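What follows is a short report on a single structure.
No lab work stands behind these numbers, since they all come straight from the coordinates. None of these values were measured; they are calculated from a predicted model. Heads up, the Cβs are rebuilt from the backbone with ideal geometry, glycines too, and the neighbour counts pull from every protein chain shown.
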Amino acid sequence: MIINTPAIVLKSFPYGETSLITRCFTKEKGKVSFIVRGARSKKSSKFSHFQPMSYIDIIYNHKSKNELQTVSKVNFREFWSKILEDLRSITFSMTILDMTEKALSLEDPFPNLFDTLKDVLRCFNIQKGDPNLLFWFYECALLTNLGFRPTLEKTEVPGLIIPDPNKGPNSGTILASLLSGNISKLPNEIVTPKDRSIISDYLWSLLCYHCEGMEKIKSMDTTRKILSI
């Protein structure tokens, strides 16, 4: 089956002398692993397409029995180069990619989450919206799309006591707004230091509880420090 789909590159690593193995979040098929033969050779132009955060159109012949799909054609769809100019934006964006890669199973489509990831990265690129709010917005979307939409009235789940999301001056209101899923209407409430701590701990606790291995994401340590500033 020939698949033509937009995709966002989550991670890539070398394979053999000249190839890459890359994991992409595709709108059509969800998370897919590809082998890109010859991508690291001097004559290939494909290497730049498969760097993390690249937004591309990809064509491949999907074979359900293959663990690695083979890329036929790839083109850039958009460039988000300005993210790389801001430390907070690049740190948050890379952590979002790591969370997505860890949370999703292979070939399990989440087209709404794909669109949210695209919209959040676009906002980071044009520096539209508070970076903290954008990061939390994506965490809320990830939980919701996976079927674990937070219920702000509950402070316990089986085997885990989570931070009270309403304990900060504005934390409950901010979280309710983020959970509405409208990126064009991010909350306007003042985010106090206590709000930052509660929202960050609350969402991260739920993600680690529901997604196996999430706590192993190394970039999250730096991200949580930035979130607290």
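Structure notes:
- Shape metrics for segment 2-78, restricted to C-alpha atoms - Rg then Dmax, Å: 11.2, 31
- Taking 7 Å steps out from each Cα toward its Cβ at Asp108 and Arg149 produces label points 1.9 nm apart.
- Those chymotrypsin sites (Phe, Trp or Tyr not before Pro) in segment 47-90 that DSSP places in a loop and that have at most 15 other beta carbons within 10 Å: Phe79
- Using a simple spin-label model with pseudo-atoms 7 Å out from Cα toward Cβ, Lys216 and Asp86 lie 3.2 nm apart.
- Compared with the dominant Cα axis of the chain, that is its longest principal axis, helix 111-126 is turned about 80°.
- Once the C-beta distance of Ile229 and Ser33 is scaled by a Förster radius of 35 Å, the resulting FRET efficiency is 0.45 to the nearest 0.05.
- The Cα-based radius of gyration and maximum Cα-Cα distance (Dmax) for the chain are 18.3, 57 Å.
- Stretch in the chain that is longest and holds no trypsin sites (Lys or Arg not before Pro) that DSSP places in a loop and that have at most 11 other beta carbons within 10 Å: 66-153
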